[in-house]
1. Looking at 275, 300, which is the one that is more than 24 Å from residue 179 (Cβ to Cβ), open to solvent by less than 30 Å² (accessible area, probe 1.4 Å) and either in contact with a Cys (Cβ under 8 Å, 6 or more places away or on another chain) or within 11 Å of the ligand (Cβ to nearest atom) (or both)?
2. Is it the case, given these coordinates, that residue 240 is more than 25 Å from residue 274 (Cβ to Cβ) and out of contact with any Phe, Trp or Tyr (no Cβ under 9 Å at 6 or more places or on another chain)?
3. Considering segment 213-229 alone, what residues qualify as being crowded, with 17+ Cβ neighbours inside 10 Å, of a type outside the set (Val, Ile, Thr) and within 11 Å of the ligand (Cβ to nearest atom)?
4. Could you pull out the residue among 289, 277, 307, 265 that is at pLDDT 95 or above and out of contact with any strand residue (DSSP E or B) (no Cβ under 6 Å at 6 or more places or on another chain)?
5. Kindly indicate which of 35, 78 is open to solvent by less than 60 Å² (accessible area, probe 1.4 Å) and modelled with pLDDT of 95 or more.
6. Does residue 327 satisfy being away from the ligand (no atom under 13 Å from the Cβ) and either surrounded by fewer than 24 Cβ atoms within 10 Å (Cβ to Cβ) or at pLDDT 95 or above (or both)?
7. Considering every residue within segment 112-121, establish whether at least one is crowded, with 24+ Cβ neighbours inside 10 Å and either of a type in the set (Lys, Arg) or without any contact (Cβ under 8 Å) to a residue 60 or more places away in the chain (or both).
8. Does segment 120-163 hold any residues that are assigned to a strand (DSSP E or B), hydrophobic (A, V, I, L, M, F, W, C) and within 16 Å of the ligand (Cβ to nearest atom), and which are they?
Amino acid sequence: HAADTFRTDLMTITRHVLNEQSRHPESRGDLTILLSHIVLGCKFVASAVNKAGLAKLTGLAGETNVQQGEEQKKLDVLSNEVFVNALVSSGRTCVLVSEEDEKATFVDPKLRGKYCVCFDPLDGSSNIDCGVSIGTIFGIYMIKNQDTVTLEEVLQPGKDMIAAGYCMYGSSCTLVLSTGNGVNGFTLDPSLGEFIMTHPDIKIPPKGKIYSVNEGNAKNWDTPTAKYVEKCKYPTDGSSPKSLRYIGSMVADVHRTLLYGGIFLYPADKKSPSGKLRVMYEVFPMSFLMEEAGGQSFTGKGRSLDLIPTDIHERSPIFLGSSDDVEEIKALYAEEAKKAGS
Ligand code: P6P
């Protein structure tokens, strides 16, 4: 026979999630149903992002859409609406935290389920108009009592997340997911409308040759960050300098770091003492994935997932990626703390 051009035993994301569910015999499949609604949201956004360039859907709110004559929505607003509707209608969530909404959304009690989803529906949306990859980032918590859930219960440390992932909308649409048993990557096959497993059991290399930071903030960095970046550029141990790769879209920078190794940094600086990235729907989900893939994530003070947020839009510095690379920056912060303590 000519080699089959069609694989006929497809590992779709749905099949993968069902396999994961079967590892928990007591499970009623709530997470499976929740994830299927998140996947639907990602498919919708992928389609909208791809059309954006054509249908001029991009960023300019206020432009009326000639067909419907209704207010033109910015893609990030549209994406947020799609995810909120998908998550609420799944009947598996009781509270939602979105980058787009100032307050947490408490779901109608009649429609509640046991999960809290924190998400950035379209991170990096400032890059839409120039075609740079952007993405959706999400993290999922279990809520003890869905009927009486309060904001305090939402402000949990990232280590209590039970699942996290991102979907990157670029040359292809790639969804990376962990439900606590390793990390897997899936690529959308538009002809099937299915995410097919393309990156099984992703593990980040223990050390990388790339550092990823906005060097434009160098003037405002603290000493440990400045020292670390200096070491990347002028190594003192005879090794080759690292390459700088910075896309300015977190999902794209983190995805490259996860697959190729290296370190992604968004440090604190004099202008932004807590850094720029948001704890609940950027730092936590990406840190969860990194640790599941054998990497680390550090805030400059401690393990990112140990952070206990006090506000749903709180920011934190973040250093994440290959374990050995993160160890180096942890040592520099420890040295600084010792000096300060002495
Ligand atoms: P800067 C995009 O606006 C974003 O929120 C992240 O996706 C990205 O990592 C970061 O900000 C880029 O920030 O200050 O380097 O432009």
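The values are calculated or read from the model by the stated rules, or taken from the named source; none is laboratory data. All of these numbers come straight from a predicted model, not from anything done at the bench. When we count neighbours, we look across all protein chains shown, and the Cβ atoms used for this are built from the backbone with ideal geometry, even at glycine. Remember, those area values only see protein heavy atoms, side chains included, never the ligands or the DNA or RNA. Shrake-Rupley method; radii C 1.70, N 1.55, O 1.52, S 1.80 Å.
1. Only one candidate qualifies: 275.
2. So residue 240 passes the test.
3. 217
4. Details: 289 fails: out of contact with any strand residue (DSSP E or B) (no Cβ under 6 Å at 6 or more places or on another chain); 277 fails: out of contact with any strand residue (DSSP E or B) (no Cβ under 6 Å at 6 or more places or on another chain); 265 fails: out of contact with any strand residue (DSSP E or B) (no Cβ under 6 Å at 6 or more places or on another chain).
Testing whether each residue is at pLDDT 95 or above and out of contact with any strand residue (DSSP E or B) (no Cβ under 6 Å at 6 or more places or on another chain) leaves just 307.
5. On the way: 78 fails: modelled with pLDDT of 95 or more.
It is 35.
6. Working: away from the ligand (no atom under 13 Å from the Cβ): yes; either surrounded by fewer than 24 Cβ atoms within 10 Å (Cβ to Cβ) or at pLDDT 95 or above (or both): yes.
Taking the combined requirement at face value, the residue satisfies it.
7. Yes, because at least one residue in segment 112-121 is crowded, with 24+ Cβ neighbours inside 10 Å and either of a type in the set (Lys, Arg) or without any contact (Cβ under 8 Å) to a residue 60 or more places away in the chain (or both).
8. Pass one, segment 120-163, residues assigned to a strand (DSSP E or B): 120-123, 134-142, 163.
Next, only the ones that are hydrophobic (A, V, I, L, M, F, W, C) stay: 122, 134, 137-138, 140, 142, 163.
Scanning segment 120-163 gives 122, 134, 137, 138.
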